[in-house]
Amino acid sequence: MHETDMTKALILTVKDWWESQPERPQISCIRLTVGEFTCVEPVSLQFAFEVQSRNTFLQGVRLAIDEIPLIAFCDRCQEEYRPEIGLRYACPQCESPMENIRSGRELKIEKIEYAVGV
Amino acid sequence: MHQTFEAGLGINLLHANQAGADHNRAHFDEWGITCLNIMSSPGAGKTVLLEKTIAALNDELKIAVIEGDMTTELDAERLRQYGVPVIAINTGRSCHLDSKMVAGGIHQLEGQYEPKEFDLVLVENVGNLVCPAEFEVGEHFKVALLSVTEGEDKPLKYPIMFQEADCLLITKIDLAPYLDIDIDRIAGNVRQMNPHVAIAPVSAKTGEGLDIWFDWVRQVVNRQQRSLALASVSK
């Protein structure tokens, strides 16, 4: 359950940002991008966030997770392809190994959406 | 009235761990130490590999162990018999080591010994094929073990650790004749996602293949020490 640790890191990072804002705005949504080729399970992350944000300044805040597919680039074929996670990673056309990962390794806090009263 | 805003953060979820790992690595570099992060599922043979490695290399390299894979002090005691410092980290119920835990180990090493005397720190991670792969601890190289009893498909199913490994040891090959297993296929499955990994099939029991592993360790320690020496000259 490393998602628990990652959620802790997520909350601390957002807290740092929030405390640096003089208005302490009401956060409505935190947007993450999570690559398919990581050890992170979005469902576990959602669950950990729900539990850990309870009774904090993040209670009820939406955690939006954008999943990014694993895309590799085959240098020999000069083409992108989607490796089949769990089954095969080599290029389906020429069998070259997966070397150049274009996307799928992301684990990022992309942005925070918040409201300020005027 | 409320107005909605967005603040772009673009911060990696693991940035705190990563910063800690970089800090640990800077300590190792300062002391001229090469650090290997040794990872596998539980029971693949990490501790016995460390025993054999220490026994073989103790005369030529000054070694310390940071031991994370322990439910008791048993593993640490096994390794202490070889006369090397073994720093046991209490990982509690954690499923992986993180850079903060290893920093604690490094500070113990610094407090109790002269760290500059060491050449090699072996970090034995918690037995787990999933989590340790995402948490760097400050290592220079990652070593993954996969025992023949685990099956050929494990690298395909748990790819991250194998994709990031600098060295793969296929362990317990003395058991291969009793199993329906193809060692070349294990190697091929890993090479599909990590074509440059060094692979050594080994048996800690019979000693087969261990020389290849010892040579790999000597080589990376040597390379690391030379590159540090070059860096200090160019400063």
### Message
Every cysteine in chain A with no other Cys Cβ under 4.7 Å from its Cβ, please list them in numeric order.
### Response
A:Cys29, A:Cys39, A:Cys94
### Task
With viscosity set to 1.306 mPa s and temperature to 10 °C, compute the Stokes-Einstein D of the stretch B:15-223, Rh being the Kirkwood radius across alpha carbon pairs; µm²/s, no decimals.
93 µm²/s
### Query
Per residue and in Å³, how big is the convex hull formed by the alpha-carbon atoms of chain A?
119 Å³
### Query
Which of B:Lys100/B:Lys205; B:Lys142/B:Lys172; A:Lys15/B:Lys157; B:Lys52/B:Lys142; B:Lys46/B:Lys157 have a Cα-Cα distance over 24 Å?
B:Lys100/B:Lys205; A:Lys15/B:Lys157
## Note on the structure
For B:149-159, A:75-85, ranked highest to lowest by mean beta-carbon neighbours within 10 Å, the order is B:149-159, A:75-85
### Message
For the protein assembly as shown, what does the convex hull of the Cα positions come to per residue, in cubic angstrom?
### Response
176 Å³
### Query
Under the Karplus relation 6.51 cos²θ - 1.76 cosθ + 1.60, θ = phi - 60°, what is the ordered set of whole-Hz ³J(HN,Hα) values for the stretch B:192-208, x standing for Gly and Pro?
3, 10, 8, x, 9, 5, 7, 10, 10, x, 9, 9, 6, 6, 8, x, 4
## Note on the structure
Output field shielding_mean for B:133-146 (other chain Cβ, 10 Å radius) holds 1
#### Entry: Check: chain B dipole with +1 on Lys, Arg Cβ and -1 on Asp, Glu Cβ, in debye
200 debye
## Note on the structure
Over its alpha-carbon atoms, the stretch B:1-88 yields an Rg and a Dmax in Å of 19.8, 74
### Task
Report, as an integer, the average count of C-beta atoms from other chains found within 10 Å of each Cβ along A:107-114.
6
### Query
What are the semi-axes of the equivalent ellipsoid for the stretch B:118-175, taken as the square roots of 5 times the Cα gyration tensor eigenvalues, largest first, in whole Å?
21, 15, 9
### Query
In peptide B:122-130, how many Cβ atoms from other protein chains are near each Cβ within 10 Å, on average?
1
### Query
Relative to the first principal axis of the alpha-carbon coordinates of chain A, what is the inclination of helix A:2-19, with its axis defined by its Cα atoms, in degrees from 0 to 90 and to the nearest 10?
50 degrees
### Task
Starting from the eigenvalues of the Cα gyration tensor, five times each then square-rooted, give me the equivalent ellipsoid semi-axes of the stretch B:85-196, largest first, whole Å.
30, 15, 14
### Task
With only Lys, Arg, Asp and Glu charged, each at its Cβ (+1 for the first two, -1 for the last two), find how big the charge dipole of the protein assembly as shown is about the Cα centre; round to the nearest 20 debye.
400 debye
### Query
Given a Förster distance of 25 angstrom, what is the FRET efficiency for B:Asp59 paired with B:Asp22, based on the Cβ-Cβ distance and rounded to 0.05?
0.20
### Message
I want to check the label-to-label distance for A:Leu12 and B:Gln81. Put each point 7 Å from Cα in the C-beta direction and report it in nm to one decimal.
### Response
3.9 nm
### Query
Mind checking which of A:Leu32, A:Leu70, A:Leu87 has the largest fluctuation in a GNM of chain A, springs on alpha carbons under 10 Å?
A:Leu87
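Computed from the coordinates by the stated procedures, all read-outs in this text should not be read as laboratory data. Please read these numbers as outputs of a predicted model, since none were measured by experiment. Heads up, the Cβs are rebuilt from the backbone with ideal geometry, glycines too, and the neighbour counts pull from every protein chain shown.
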